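Read-outs: derived from the displayed coordinates by stated rules, not from any lab. Owing to the predicted nature of the structure, the values given are computational and were not obtained by experimental measurement. Neighbour counts are summed over all protein chains in view; Cβ atoms, including those assigned to glycine, are modelled from backbone coordinates with ideal geometry.
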């Protein structure tokens, strides 16, 4: 059946917006198919009223003149075909942002979860955001001291960076994120900061852990939490990071705050996307994930950084668990192509009791080069980091050799490398959850590690730096 | 924009819009959709229906919205004012969009690609009565201090093979890009010409002839120039997983290569990377001309969060701009970072059009599109007999760093040079992480004549020698992995030693070091020569019984290891001194054992 519309101009549509239609044609997972509506705009906001008069929020995914596909973020459980009422609002999905959201707990759509009434909003913002004009961006270069040696020293976090944690199930990524949130500071002064926390499909305990940790460090009033937990409809996870980032943009670029956005777990987000994609019968690419996974993730990750002429910044710390610890899996892989580096966890290091179990070699911070060195951290930092990477990568070779021929058979030099490797992992990388090291302590510790090697091996540092810091 | 309605929207599915009631639309026509006038391109026609891909976010477009035609294909504006500008994928000037629409890119904004108000100082090169053809230069404009822009008669102005007479030409003076500066007469027809013209991005610009590639594109990056050279007019792919340094390599080449014009396409990559280029390039000075690098650079930024269909177009926009400058007799290098994102855009659009997929969801026409793109590179004789070239340097981002995936595989078929980036090198912070085992260049023979001329005949021979050593090292490393280095005799251990030195002192290059970031042809030749001398004299000494530990401890070896940082490009004489010391100390050492 096909209907031909005579009405179609935007003015007519405005008149028709808010009109309600009763009776759905088909319901499939979180998707509802409607027929015989007025022309509906792509991406339009939809309110769905069920038989119990409860309102659910949805968005138009596909619109044609005979059928409209709506995805409902709160799921479709309990809906009946004849009893479903759909109201097409004629405007995109928005979030009424407000500074008052700090200190509150909300669901993925930004509605309060804590029982209190919703804060008064400062204005509606499209949750999808708009791309920042590349000419308006300001290149991030302010060093954030996290107090964690392996991050500060080797994969330095910069204000405005998007630096994900690639972890695995059972690894302490939550602790690390909480520790960073607690200890992060910019040198030279206190800044107006806020934390936006988006939980997608994580367990209640995890959310609880973060709330407690924020409470302990006394920052809870500066944290906005968007929780879409494991038992909430999986489709809600698609909108959760968008709501969170919309608030973050408001706080950063309109209120001038320095916002840290923690998003966990991106793997759950991607799985929800795959679910929708499969339901819609789209052609899958790798491992069943939709072909637009890259663009879709980029829409989230690119909502970070700094804008010239505006005070605030958005620093993103997404957490993702690599399925089967496989860094080549589409989710970590595509993430790594978009983000400005990655912090990679290593299960073997975790097994040896090293915290944080960060493997320095695959970890990387792309913005580090412009944020460290003289005037920012310390003049010897770039060369030192380079040398630690180079030497540590040789340790792996030596260990492999040692496992074949035995440690006793190694040359003196190689044994020195083993010693260096142990010191590096146990003293430099390893620290406690409550321990906070200044950048100077971190760098000095790095030199202490290098001093276990003969100076001829250190080709990446200058002779002058050797003279100042090298103590064999 | 004209109000010619070509049809109405029937269905909206992301950036793909089905249009019904089509009357007189043409294939690949540029259209605008809805009252927001979103820019789109008509990609499929079938009966009274058509498929349009829109270059902006389609939110709010509804069935029944009008689709307006423009009567022309998606084109770029060509004329003075391109250099130094940053455009999006469909050549909208981002600076101007920012002034008009603020820090975020709003939908439906339009600004002309070339500034219509700016006056350029035009200098005519033809006189009334002169006979001219398509492609002839009629005058020049100083676009930047280093780019003398040739105003040419657009390649399709006259029917093929026909000539015309200049009927009128303006005198020296300041004109805007759309002022009429020249009238040409062919038979009864008078054609008015301005300094700008349009060209459809999907159609290669015509040339007179393709020429063989003989000149190398000097990049100042040692591993590239000495081991895997690229010719001017050649094509190369740089595949590598994330974090292996594709973008860094592309940036380094964009900075230091000896092309006249650089077109840098940020195709579906990070916003901050483009900001980095915008921030760095104006400050950097080109070692050859002493001018700012921005004066030869055009940027096309379609970052990953900008609409996916414009990403698909950005590659064509870039190469059309490159061809335009080639037609003026320039050597142009185009960096496409990354072609995988472009291929993914193709896949996404193809999926939404419900086409039958081939490998990994990519459309079956992927290889054809890749081939078409790379074939637009070349060393050409232009319509007016000048020589110009377009070299294409395409980054490829294989999922999981796996080179067997479709985009890498198909790209390999159509490029003649391959710089494979290696993750283990990148992890050890060995940059550029170009693997010497996996990479190749088919241009070695093409450019060896030029190189031999510039290296006193040593280039090809030395290159073969060091490549041979690297191959032998691989085999030895396998043995070392099993039994340890002590089991090898010094003569073989010395191979390992020389290769390690070659890697740290030559192949690695620090992009941020004032001296090391760029090496002249001469410096590169001398550095390789020095390392090979070390090999020759060292092997000689070992034959006489000198132990490797002794050789290693020589002060001069440390100097070689640090030469990339310590010896300036202008200070070539320093190499003579090191070479002399090397020879002396090693023969001396050998002499002790001979007695």
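Packing, taken as the mean count of other beta carbons within 10 Å per residue, orders the peptides B:70-81, A:379-390 from highest to lowest as A:379-390, B:70-81. If you take the Cα centroid of segment B:3-42 and the Cα centroid of segment B:430-478, the two points sit 53 Å apart. Sorted into 5 angstrom bins from 0, the C-alpha pair distances of segment B:381-427 split as 5, 16, 22, 18, 12, 9, 7, 6, 5, 1 percent.
Computed from label points 7 Å out along Cα-Cβ, the spacing between residue B:119 and residue A:440 is 6.1 nm. Take each residue in B:227-238, count the other chain C-beta atoms within 10 Å of its C-beta, and the mean is 0.
The P(r) of segment A:367-413 has a tail past 13 Å containing 64 percent of all C-alpha pairs. Averaged over the residues of peptide A:333-342, the number of Cβ atoms from other protein chains lying within 10 Å of each residue's Cβ is 5. Computed over segment A:334-463, the Cα gyration tensor eigenvalues convert (square root of 5λ each) into semi-axes of 25, 19, 15 Å, ordered from largest to smallest.
Gyration tensor analysis over the Cα atoms of segment A:101-210 returns equivalent ellipsoid semi-axes of 26, 22, 15 Å (largest first, whole Å). Once segment B:291-386 is represented by equal point scatterers at the alpha-carbon sites, with solvent omitted, what log10 I(q)/I(0) does the Debye formula produce at q = 0.23 Å⁻¹? The Debye formula, applied to the Cα set alone, gives -1.20.
Across segment A:248-362, the convex hull enclosing all Cα atoms gives 125 Å³ per residue.
With kT/(6 pi eta Rh) evaluated at 20 °C and eta = 1.002 mPa s, and Rh the Kirkwood radius from Cα pairs, segment B:328-373 diffuses with a coefficient of 180 µm²/s according to Stokes-Einstein. With only the Cα atoms considered, segment B:459-594 has a convex hull volume of 106 Å³ per residue.
Remark on segment A:96-371: ratio of C-alpha radius of gyration to 2.2 N^0.38 Å is 0.94.
Just to check, using Stokes-Einstein with a Kirkwood Rh over alpha carbon pairs, what's the diffusion coefficient of chain B at 10 °C and 1.306 mPa s in µm²/s? The diffusion coefficient I find is 60 µm²/s. Among B:35, A:236, B:473, sorting on how many other beta-carbon atoms sit within 10 Å of each Cβ, with the fewest leading, yields B:35, B:473, A:236. Modelled label positions at residue A:455 and residue A:403, each set 7 Å beyond Cα in the direction of Cβ, lie 3.6 nm from each other. Calculated mean residue ellipticity at 222 nm for the protein assembly as shown: -9500 deg cm²/dmol, from DSSP H runs with n ≥ 4 weighted as -39500 (n - 2.57), summed, divided by the residue count and rounded to 500.
Taken residue by residue and averaged, Cβ atoms of other chains lying within 10 Å of the Cβ of B:331-341 number 1.
At an R0 of 60 angstrom, the distance between the Cβ atoms of residue B:168 and residue A:462 translates into a FRET efficiency of 0.35. One Cα centroid belongs to segment B:529-549, the other to segment B:181-212; the line between them spans 62 Å. Taking the convex hull of the Cα atoms, report for chain A its projected area averaged over all directions, in nm². Quarter of the Cα hull surface area: 25.5 nm². If you plug the beta carbon distance of residue B:192 and residue B:558 into 1/(1 + (r/R0)^6) with R0 = 60 Å, you get a FRET efficiency near 0.30. Geometric descriptor of the protein assembly as shown, per residue, is 171 Å³ (volume of the convex hull of the Cα atoms). In a solvent-free Debye calculation with one equal scatterer on each Cα, what is log10 I(q)/I(0) for segment B:1-140 at q = 0.12, 0.13, 0.14, 0.16 Å⁻¹, listed in the order of the q values? The computed values of log10 I(q)/I(0) come out as -0.60, -0.68, -0.75, -0.87. Potential lengthening of the chain between residue B:456 and residue B:354 amounts to 30.8 nm, from the contour at 0.36 nm per residue minus the alpha-carbon distance.
Using the Kirkwood radius built from alpha carbon pairs, what does the Stokes-Einstein equation give as D for segment A:11-92 at 20 °C and 1.002 mPa s, in µm² per second? So the translational diffusion coefficient is about 175 µm²/s. Length gained on full extension, residue A:211 to residue A:122, computed as 0.36 nm times the residue gap minus the Cα-Cα distance: 29.5 nm.
By the equivalent-ellipsoid construction on the alpha carbon gyration tensor, segment B:209-418 comes out with semi-axes of 27, 19, 17 Å, ordered largest to smallest.
With the alpha-carbon atoms of segment B:4-73 aligned to their principal axes, the span from lowest to highest coordinate is 26, 20, 18 Å, starting with the largest.
Modelled spin labels at residue B:178 and residue A:85, positioned 7 Å past Cα toward Cβ, are 5.3 nm from each other. The alpha carbons of segment A:1-156 give a radius of gyration and a Dmax of 20.8, 67 Å, in that order.
How big is the gap, in Å, between the Cα center of segment B:348-416 and the Cα center of segment B:150-170? A separation of 33 Å, based on Cα centres. The Cα atoms of segment B:160-284 define a convex hull whose projected area, averaged across directions, is 12.5 nm². Each 10 Å bin from 0 upward holds the following percent of the Cα-Cα pairs of segment B:120-195: 20, 55, 22, 3, 0.
Sorting the segments B:424-434, A:176-186, A:294-304 by their residues' average number of neighbouring beta-carbon atoms within 10 angstrom, most packed first, yields A:294-304, B:424-434, A:176-186. The listed peptides A:26-33, A:163-170, ordered by packing as a protection proxy, come out as A:163-170, A:26-33 (highest mean of other Cβ atoms within 10 Å first). For segment A:210-284, the Kirkwood hydrodynamic radius comes to 14.2 Å, computed from all pairs of different C-alpha atoms.
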